[in-house]
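Colleague: Sharing a structure here in structure tokens format.
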Amino acid sequence: MFSVSEIFKSIQGESSFCGQVCSFVRLAGCNLRCAWCDTAYAWEGGETMTMDAVVCRITDHNTRLVEITGGEPLVQPETPQLCRHLLETNHTVLVETNGTLDIDMLPEGVVRIMDIKCPSSGMADRFHAPNAGKLTSRDEVKFVIADREDFIWALDVVKLHRLDRRCTVVMSPAWNKLPLDKLAAWILKADAPIRMGIPLHKVIWGERRGV
């Protein structure tokens, strides 16, 4: 059984899959309390659903790309089983995780998008550092940047763990906290070995649920 905050079909707004049609499964429950979290409604609660019910909703969306997110999807022990089923039915499966729990629990073939929390979140000390060494070229790392301190800190983490040599690294601005042009200027000046991300879904629809 899963505790599900919402399931919806939308345009992928972040990661290297940005712009693609995607089915999103937002699981409820999170082990962090980030200061600027834009999905705090998923921290608790949720609708209880069987795996068959979740898969049925995804099937109705008629898309091959699925992202399992949260909250924090790895706090629910059934998440790897759902991923395995979706892989076996020829879906491309993305799992966005905050990097505090062991990512090895996910089956081979899943694209693991690790959202490493920066100082402005208040949760930077919760990162499970051994996860960095488990990343492959299939995976991605995301940093949400709210200020200059976040940017410098994130660059240091990239350098320390050689993340740019392991996988795609994306830095995105915290919505309504850091202007796009300011982050772009910092990236250019630093010749940062990363990819700038723009939360496309927020550009299109603003801060709405279910998109």
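Colleague: Between Asp104 and Asp164, what is the FRET efficiency for a Förster distance of 22 Å, r being their Cβ-Cβ separation, to the nearest 0.05?
Modeller: The pair Asp104/Asp164 has a calculated efficiency of 0.50.
Colleague: According to a simple spin-label model (label point 7 Å from Cα along Cα-to-Cβ), what is the distance in nm between Ile152 and Thr50?
Modeller: Output for this residue pair reads 5.5 nm.
Colleague: For a label point 7 Å from the Cα of Ala40 along Cα→C-beta, name the residues of the stretch 125-169 whose backbone N is under 18 Å from it.
Modeller: Residues passing the 18 Å test: 146.
Colleague: Lone cysteines in the chain, going by a 4.7 Å Cβ-Cβ cut-off?
Modeller: Cys18, Cys22, Cys30, Cys56, Cys83, Cys118, Cys167
Colleague: Can I ask one more? Using a Förster distance of 41 angstrom, determine the FRET efficiency expected from the C-beta separation of Lys177 and Glu88, and round it to 0.05.
Modeller: 0.55
Colleague: Obtain the nm distance between the two label points defined at Asp191 and Ala124 by a simple spin-label model: each point lies 7 Å from its Cα along the Cα-to-C-beta direction.
Modeller: 2.5
Colleague: While we're looking at this one, here's another question. Need the full-extension length gain, Arg64 to Ile204, defined as separation in residues times 0.36 nm minus the C-alpha distance. One decimal, nm.
Modeller: 48.2 nm
Colleague: Let me ask something else. Please count, across the chain, the pairs of lysine residues with Cα atoms under 16 Å apart that sit 8 or more places apart or on different chains.
Modeller: 8
Colleague: Under a plain spin-label model, where a point goes 7 Å from the Cα along Cα-to-Cβ, how far apart in nm are Glu78 and Gln20?
Modeller: Result: 2.6 nm between the two label points.
Every number in this text was worked out from the coordinates using simple rules, so none of it is lab data. None of the values given here were measured: they were computed from a predicted structure. Positions of Cβ are generated from backbone atoms using ideal geometry, with glycine treated the same way; all protein chains shown enter the neighbour counts.
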